[in-house]
1. Checking the structure you have, find out if any residue of the range 54-76 is over 22 Å from the mean Cα position of the chain (by Cα) and in contact (Cβ under 8 Å) with a residue 12 or more places away in the chain.
2. When the range 52-84 is examined, which residues are found to be surrounded by 10 or more Cβ atoms within 10 Å (Cβ to Cβ), among the charged types (D, E, K, R) and assigned to a loop (DSSP other than H, G, I, E, B)?
3. If you scan the range 1-48, which residues turn out to be surrounded by fewer than 10 Cβ atoms within 10 Å (Cβ to Cβ) and farther than 24 Å from ASN72 by Cα?
4. Please name all residue pairs, on different chains or six or more residues apart, with Cβ atoms under 8 Å, provided the first residue is in the range 5-32 and is among the hydroxyl-bearing types (Ser, Thr, Tyr) and the second residue is surrounded by 12 or more Cβ atoms within 10 Å (Cβ to Cβ).
5. Can you tell me how many residues within the range 39-51 are basic (Lys, Arg) and either in contact (Cβ under 8 Å) with a residue 40 or more places away in the chain or not in a strand (DSSP E or B) (or both)?
6. Could you list all residues from the range 2-38 that are in a loop (DSSP other than H, G, I, E, B) and at negative phi?
7. Kindly establish whether ARG55 is out of contact with any Phe, Trp or Tyr (no Cβ under 8 Å at 6 or more places or on another chain) and not aromatic (Phe, Trp, Tyr).
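Read-outs throughout are calculated quantities, based only on the coordinates presented, and are distinct from any laboratory measurement. None of these values were measured; they are calculated from a predicted model. Don't worry about glycine lacking a Cβ; one is built from the backbone with ideal geometry, like all the others, and counts go over all protein chains shown.
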Amino acid sequence: MTPILLAIACLMAVTLGYGGLCAASPFGDCRKCRGMGHALKADRKGRLKRGKDCRRCRATGKRIRVGRWLYNRAARIHRAGTTD
């Protein structure tokens, strides 16, 4: 196998794997709050307390994956263009 075909095969495997991940689990953990839904802050004694709700994920702790977002957008455009 030539190196170009090997690279294309690896890229296809990664793409199909990510597509499968987006289909099986469309939501991932929020990157800002790491899936907790809120920030952590320390009180004056250094103990951790619950902070404010995360504004990015609206306190759900989840975000939509990029691949799923692209799929949803493409499906919406396709639906809008093929309606009667």
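1. No, the range 54-76 contains no residue that is over 22 Å from the mean Cα position of the chain (by Cα) and in contact (Cβ under 8 Å) with a residue 12 or more places away in the chain.
2. Answer for the range 52-84, where residues must be surrounded by 10 or more Cβ atoms within 10 Å (Cβ to Cβ), among the charged types (D, E, K, R) and assigned to a loop (DSSP other than H, G, I, E, B): ARG55, ARG56, ARG58, ARG65.
3. If the condition is that a residue be surrounded by fewer than 10 Cβ atoms within 10 Å (Cβ to Cβ) and farther than 24 Å from ASN72 by Cα, then MET1, THR2, PRO3, ILE4, LEU5, ASP43, ARG44, LYS45, GLY46, ARG47, LEU48 are the ones that fit.
4. As it stands, the answer is TYR18/GLY67; SER25/ARG65, since those pairs meet every condition given.
5. Looking only at that region, the number is 3.
6. Filtering the range 2-38 for residues in a loop (DSSP other than H, G, I, E, B) gives 2, 25-26, 30-37.
Selection gives THR2, SER25, PRO26, CYS30, ARG31, LYS32, CYS33, MET36.
7. Numbers: out of contact with any Phe, Trp or Tyr (no Cβ under 8 Å at 6 or more places or on another chain): yes; not aromatic (Phe, Trp, Tyr): yes.
For ARG55, the condition - out of contact with any Phe, Trp or Tyr (no Cβ under 8 Å at 6 or more places or on another chain) and not aromatic (Phe, Trp, Tyr) - is met.
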